[in-house]
Protein chains: 2
Amino acid sequence: MLGPLNVVGDITGCKLENGNVITPKGFKDAWNKLYEAGWKAIGVPQELGGAGAPRSLQVLIEEILSGSNAAFNMYPGLAYGAAEVIEQFGTSDQKKHWAEKMFAGKWGGTMCLTEPHAGTDVGSAKTTASRNPDGSYSIKGTKIFISGGDHDLADNIIHLVLARVDGAPAGTKGLTLFIVPKIRTNADGSLGQTNDVSVGALEHKMGINGSATCVLNFGDNGQCIGWPVGGEEKLNQGMPQMFKLMNAARISVGVQGVAVASSAYLNALEYAKERKQGSSIAHWKDASAPRVAIIEHADVRRMLLHMKALTEGIRALAVKLCHHQDQVHANHGKDEQKASYHQGQVDLLVPLVKAYGSDQGFRVCEMAIQTYGGAGYTRDYPVEQYCRDAKIFSIYEGTNHIQAMDLVGRKLGQAGGANLQAYLGDIAKFVAAHSNHPTFGAAVKKLGAAQEAVAGTAMRLLMWFQSGQTAMVPLSANRFCEMMSELTVAWLLLDGAIVAEEQQKKVAANHPDHAFYAGKVQAALFFARNVLPGVEHKAQLLADEDKTPLDISDAAFATV
Amino acid sequence: MLGPLNVVGDITGCKLENGNVITPKGFKDAWNKLYEAGWKAIGVPQELGGAGAPRSLQVLIEEILSGSNAAFNMYPGLAYGAAEVIEQFGTSDQKKHWAEKMFAGKWGGTMCLTEPHAGTDVGSAKTTASRNPDGSYSIKGTKIFISGGDHDLADNIIHLVLARVDGAPAGTKGLTLFIVPKIRTNADGSLGQTNDVSVGALEHKMGINGSATCVLNFGDNGQCIGWPVGGEEKLNQGMPQMFKLMNAARISVGVQGVAVASSAYLNALEYAKERKQGSSIAHWKDASAPRVAIIEHADVRRMLLHMKALTEGIRALAVKLCHHQDQVHANHGKDEQKASYHQGQVDLLVPLVKAYGSDQGFRVCEMAIQTYGGAGYTRDYPVEQYCRDAKIFSIYEGTNHIQAMDLVGRKLGQAGGANLQAYLGDIAKFVAAHSNHPTFGAAVKKLGAAQEAVAGTAMRLLMWFQSGQTAMVPLSANRFCEMMSELTVAWLLLDGAIVAEEQQKKVAANHPDHAFYAGKVQAALFFARNVLPGVEHKAQLLADEDKTPLDISDAAFATV
């Protein structure tokens, strides 16, 4: 039922009436059914009423939900993310009081970081928290771009608000994360009076119109209270706590990218099979030749295969990350070295999933529109909405440049570079094992060259750091992030394709799985031949050390 | 006044009331003022009441109009284009009766090609024309996606309709272009009864909402009449006539791309100078360092310079094309060899302007949104609209694949390849002249390598044709079109930069022109170092002869 609501949410949007957000018709019903069916409890620990499924399964369910209705799925997604933070960092009372109901969909949740003057620059947040005699804190400030900041889907909304306690240090180190309910609660969990959180405005956006993006005012009347996540001893721990939520949210955004891309691809594929236009290239000079479905045209096939390879490749990337998360969990307390290896890989892959998933997800939507032609530009087909919806993914939860800086500024050097070395080593092992493969050998050799290009560029980034050419690092970060993403996606596609080719031999040629496996082989080869070589190319561009963006004066950007 | 109407048109859109299209409030007034001020008469021949200005000037005025309001400017743009066709191919009576009023904005105009089953495949059009005893033809059929198909800006609308006269051959060779007025006219040019042209529906689109995209029904009541452009002896000449209009329209679409891109860039530039966020990279570890305008951040500068280089480069490409048009005109009847050289260059460059201008125009809009961050995704700033508006440019007037096929299938081989050789020769001469230039030598050497890559790939395309690997051509056409576009843009940027550097030496360092010239130098170097090397890279990819999109079975595209 989420799919049909996607266009409803887009057209209707959310409304602000008497200070309350009204979500599109049908959303409330969908919310109830989603929780009744248990889809949101798949990943919730069993002790909190969930199924305790591995992340690598949960992520695929999330992809389906976002692919059906990205705007809708933000409400339960944020409730889940906020609950996870309380579950990990909260006191046992907080877990019991807040997290359980949030996991169950009784209450919603948000993350409140951004302020009018502080988006990317979270550390300059001005929202304040003053301690009250009873141990609660009075919160005062304005947060913007708050997804699901208000809605009518749940009885209460639990905001996680970054604020600075009086006297705390400047910057990110002085921020505390507060639990701030929309409606105050009694000790037994029943609802009390409202908590002086008001919706200042609703944003009008390019897409995801079904998702309410709010300006939230906390404590306009001095009556907004909240409690530090984890209690009094966790003051000024807001950023590390928030990073837990942000990491999960960043993965979710990358998954949103592939989810919407996948929906766009599948719609374009269906259209390409049905829409007749032009004749086969074999009869291009014969005006009376029969019209064919556009999937028969080489350029349409190229776009479809590109979309398929990107979609399946980014999905593989996200699942790989989640598999590492599962292995952290499985090895924790048993084999700490192994757990630490997997955690290192999680840390490395998060910016890739977020940035590459969102950038290329948008690209896939663009190709889907192009596959439809003029029809794709109309609202009669869903792809233009997918494209509008997808544009936000490269921006929120940290712009993709922030992801790239996270990768080159923090992740590459983590554990003295050991995480990167392990990652490069995994690929090197794969290359050594398969570079003479009869079908994929040439592609695997390209992978080896790309791996060396990434390794070499990582050294170059380090050299820039060390030699004081610091500005070259942010200038090159996005390109490096893309290189590493393409390397990883190519690796995972080839890895899957080798398995697929083996499996294909085991099924009859007329079995549907036969075509499925063949598709995996072709997608991997397509990516290896058309995208993967770009990694080396980009390494060469970076080696050129172009500094024009740094050299040009501000005045010289003018065009007249 | 067009600029402020841009958002009005987007929000209001067009309405269909009692069969008539109502354009957004203010459009009619803008139309009147535009013609009163004479902006649309700049390029009109003096004998028809215009200024007779060269195309290379007119195109820049068109860019400004489209950059202010792309949706609005489609109405006068199509009126102009249709009038040009009548002026070139019509009988002298037709010129006098129709074209003059269309040039003057008294009447509007459209081009009616696409039908529900025939978009890219124009030749399968089913609209019919039956001769009446009085020499007029009765027109019957449905056309879709007709921009400005109806509106309230002018007293009449003159449709140019492709239809097949009874008994004419199948395909494009049997199509005739008809003049079909919305309202019939008397011999003195006064308006008579309506002409059985009705608006079947109005499309709801991703963008350009101010432009009415109509389904038009001709002759539902058997009362629609029209006349062949050029009279009875021009039957079945519809496609070559329409190509005149399409060529002009294709250039206009490329110009729309750069126009909207330029507006997006200039808005992003202004925002980047004003918006404060984060501290300088020089103080990245100091939380209390002062906040700076985001233009100080390397990644923002990279995006801005990329946008600037693309915008100025595509503008140079469009002006180059128009300069060739002017030279055709100037040399016609004087130096036919020269005229023919210039016409050949016009023909070669049209698909480049259309495809590269539209694809990269969209890319610039995307970067503009990214420069704004979250604010760019909201409707509070114009860039998200520019992005939505710009998406259609890669589709209409022939999708960009059609442009690419026009390039590789028709233009490369035109005049036995002489046009391409002349083009490559022009660049080779430039490379020879400047490859040791102190500032640009290295960039010019890259240009030389890219020129060789384009020449080599053109030979490869020919080889595919000749060796029966025909499907490799459409599979590779878009990539080749992009290669040739990037080569041309790099050439023109470098050509301009060499001049700019010389000019810069002549002005004082504190003179505003000094920065202007410096910007030209930096933009050319940026493009040469970051985009131009991609030409060789793409040539290598094409040399790999990947056939996966052709090899994969339709069934294997499925993902599950």
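The values are calculated or read from the model by the stated rules, or taken from the named source; none is laboratory data. Remember, predicted model here, so these are calculated numbers, not experimental data. All Cβ positions, even for glycine, are placed from backbone atoms using ideal geometry, and neighbour counts span all protein chains on display. Only protein heavy atoms, including side chains, enter the accessible area calculation; ligands, DNA and RNA are left aside. Shrake-Rupley method; radii C 1.70, N 1.55, O 1.52, S 1.80 Å.
Say R0 is 51 Å: what FRET efficiency, to the nearest 0.05, do A:Arg131 and B:Arg379 get from their beta-carbon distance? Write down the numbers at each step before the final one.
Values: r = 40 Å, r/R0 = 0.79.
It comes to 0.80.
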Inter-copy distances for A:Gly413, label 7 Å out on the Cα-Cβ vector, sorted ascending, nm, one decimal, are 5.9
Full-extension gain between A:Ala428 and A:Thr194, please, as 0.36 nm times their residue separation minus the C-alpha to C-alpha distance. 78.4 nm
Each residue of region A:233-244 in turn: what ³J(HN,Hα) in whole Hz from Karplus with 6.51, -1.76, 1.60 and θ = phi - 60°, glycine and Pro shown as x? 6, 9, 4, 6, 9, x, 5, x, 5, 5, 5, 4
Each residue of region A:146-151 in turn: what ³J(HN,Hα) in whole Hz from Karplus with 6.51, -1.76, 1.60 and θ = phi - 60°, glycine and Pro shown as x? 8, 5, x, x, 8, 6
Highest-first arrangement of B:19-29, A:477-487, where packing means the average Cβ count within 10 Å: A:477-487, B:19-29
Loop trypsin sites (Lys or Arg not before Pro), region B:321-400, which have at most 13 other Cβ atoms in a 10 Å radius of their Cβ (DSSP): B:Lys334
In peptide B:382-390, what is the residue-averaged number of other protein chain Cβ atoms found within 10 Å of each Cβ? 2
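Largest first, how would A:Val454, B:Val560 line up by accessible area (1.4 Å probe)?
Values: A:Val454 0, B:Val560 150 Å².
Heavy-atom accessible area, descending, gives B:Val560, A:Val454.
For region A:128-233, with only Lys/Arg (+1) and Asp/Glu (-1) charged at the beta-carbon, what is the dipole magnitude about the Cα centre, in debye rounded to 20?
Values: 8 positive and 11 negative charges, 73 e Å.
In debye, rounded to 20, region A:128-233 gives about 340.
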Run the numbers for A:His437 and A:Asn186: contour at 0.36 nm per residue of separation, minus the present Cα-Cα distance, in nm. 83.8 nm
Please compute, for peptide A:375-381, the average count of beta-carbon atoms on other protein chains lying within 10 Å of each residue's beta-carbon. 5
Mean other chain Cβ within 10 Å across A:205-216 is 2
As straight-line cross-link partners of B:Lys143, the qualifying aspartates and glutamates (C-alpha separation under 20 Å, not fewer than 8 residues apart within one chain) are A:Asp380, B:Glu17, B:Glu115, B:Asp121, B:Asp152, B:Asp166, B:Asp196, B:Glu203, B:Asp220, B:Glu397
Residue by residue through region A:456-468, which ³J(HN,Hα) values in whole Hz follow from phi under the Karplus form 6.51 cos²θ - 1.76 cosθ + 1.60 (θ = phi - 60°), with glycine and proline marked x? x, 6, 4, 5, 5, 4, 4, 4, 4, 4, 6, 8, x
Residue and distance (whole Å) for the chain A Cβ nearest the axis that superposes A on B: A:His537, 2
Under 5 Å, built H, 5+ apart or other chain: amide partners of B:Ile225: B:Ile139
Relative to the other copies, what are the label-point distances for A:Glu47, with labels 7 Å from Cα along the C-beta vector, expressed in nm at one decimal and sorted shortest first? 9.3
Given unit charges at Cβ for Lys, Arg (+) and Asp, Glu (-), the dipole magnitude of region A:401-546 about its Cα centre in debye, nearest 20, is 220
Proximal aspartates and glutamates relative to B:Lys273, as straight alpha-carbon distance under 16 Å, when same-chain residues fewer than 8 apart are discounted: A:Asp554, B:Glu296, B:Asp299
For region B:401-546, accessible area per residue (1.4 Å probe, heavy atoms of protein chains only), Å²: 38
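Kindly work out what percent of the DSSP beta bridges joining two residues of chain A are antiparallel, to the nearest 5. Write down the numbers at each step before the final one.
On the way: 33 of 41 bridges.
Counting only bridges with both partners in chain A, antiparallel ones make up about 80 percent.
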Compute the semi-axes of the equivalent ellipsoid of chain B, taking the square root of 5 times each eigenvalue of the Cα gyration tensor, and list them largest first in whole Å. 40, 29, 24
Tensor-based shape of region A:210-368 (alpha-carbon gyration tensor, a/c under 1.5 rounded, otherwise prolate or oblate): oblate
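Ranking request for peptides B:410-420, A:157-167, A:537-547, B:186-196: highest mean number of other beta-carbon atoms within 10 Å first, then the rest in descending order. Before the final figure, lay out each step's value.
Numbers: B:410-420: 16.2, A:157-167: 22.6, A:537-547: 17.7, B:186-196: 12.4.
Highest-to-lowest ranking by the protection proxy: A:157-167, A:537-547, B:410-420, B:186-196.
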Sorting A:Leu65, A:Val521, A:Ile144 by the position of each Cα along the dipole of the protein assembly as shown (Lys, Arg +1; Asp, Glu -1; all at Cβ), the one nearest the positive end of that ordering is A:Val521
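Let me make sure I get this right: for region B:64-158, a, b and c are the square roots of the gyration tensor eigenvalues over alpha carbons, sorted descending. Under 1.5 in a/c it's rounded, otherwise prolate if a/b > b/c, else oblate. Which is it?
oblate
Need one number: convex hull volume per residue for the protein assembly as shown, Cα atoms only, in Å³. Let's see the in-between values first.
Numbers: hull volume 204.6 nm³, N = 1120.
Taking the convex hull of the Cα positions in the protein assembly as shown, it is 183 Å³ per residue.
Restricting to bridges with both residues inside region B:60-176, how much of the DSSP beta-bridge set is antiparallel, in percent to the nearest 5? Could the numbers behind the result be given before it?
On the way: 7 of 15 bridges.
The antiparallel fraction comes to roughly 45 percent.
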Electrostatic dipole magnitude of the protein assembly as shown [Cβ: Lys, Arg +1; Asp, Glu -1; Cα centre; debye, to 20]: 640
Among the Cys residues of chain B, which have no other cysteine Cβ under 4.7 angstrom away? B:Cys14, B:Cys112, B:Cys214, B:Cys224, B:Cys322, B:Cys481
Hey, if you put +1 on the Cβ of every Lys and Arg and -1 on every Asp and Glu Cβ in the protein assembly as shown, which of B:Gly38, A:Val346, A:Ile11 ends up farthest toward the positive end of that dipole? A:Val346
What value, in deg cm²/dmol to 500, does the helix sum -39500 (n - 2.57) over DSSP H runs of n ≥ 4 give at 222 nm once divided by the residues of chain A? -18000 deg cm²/dmol
What is the set of long-range amide H partners of A:Gln237 at a cut-off below 5 Å, with H atoms built 1.01 Å from backbone N? A:Leu177
Placing a label point 7 Å from Cα toward Cβ, how far apart in nm is B:Ala330 from its equivalents in the other copies, listed shortest first to one decimal? 7.4
Computed over chain A: longest principal axis from alpha-carbon atoms vs helix A:27-37 long axis, angle to nearest 10 degrees, is 80
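So for region A:444-560, averaging the separation of alpha carbon pairs under 8 Å that are six or more residues apart and normalising by length, what relative contact order in percent results? Spell out each step's value before the answer.
Details: 85 pairs, mean separation 44.0, N = 117.
Normalised by residue count, the contact order of region A:444-560 is 38 percent.
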Using a Cα-Cα cut-off of under 18 Å, which lysines could be cross-linked to B:Lys285, ignoring same-chain neighbours fewer than 8 residues away? A:Lys173, A:Lys411, B:Lys276
Percent relative contact order of chain B, based on C-alpha pairs within less than 8 angstrom and at least six residues apart? 12
For region A:401-546, with +1 on Lys and Arg beta carbons and -1 on Asp and Glu, the positive-most of A:Val431, A:Pro533, A:Leu407 along the dipole: A:Val431
Taking amide H positions as placed in the peptide plane 1.01 Å from N, state which residues far from A:Leu191 in sequence (5 or more) or on other chains have amide H under 5 Å from it. A:Asn186
So, relative contact order of region A:361-410 in percent, Cα under 8 Å, 6 or more apart, is 28
Report which residues of region A:524-555 become buried by 40 Å² or more of accessible surface when going from the isolated chain to the complete set of protein chains (1.4 Å probe; DNA, RNA and ligands ignored). A:Arg529, A:Asn530, A:His537, A:Leu541, A:Asp544, A:Asp546, A:Thr548, A:Pro549, A:Ile552, A:Asp554
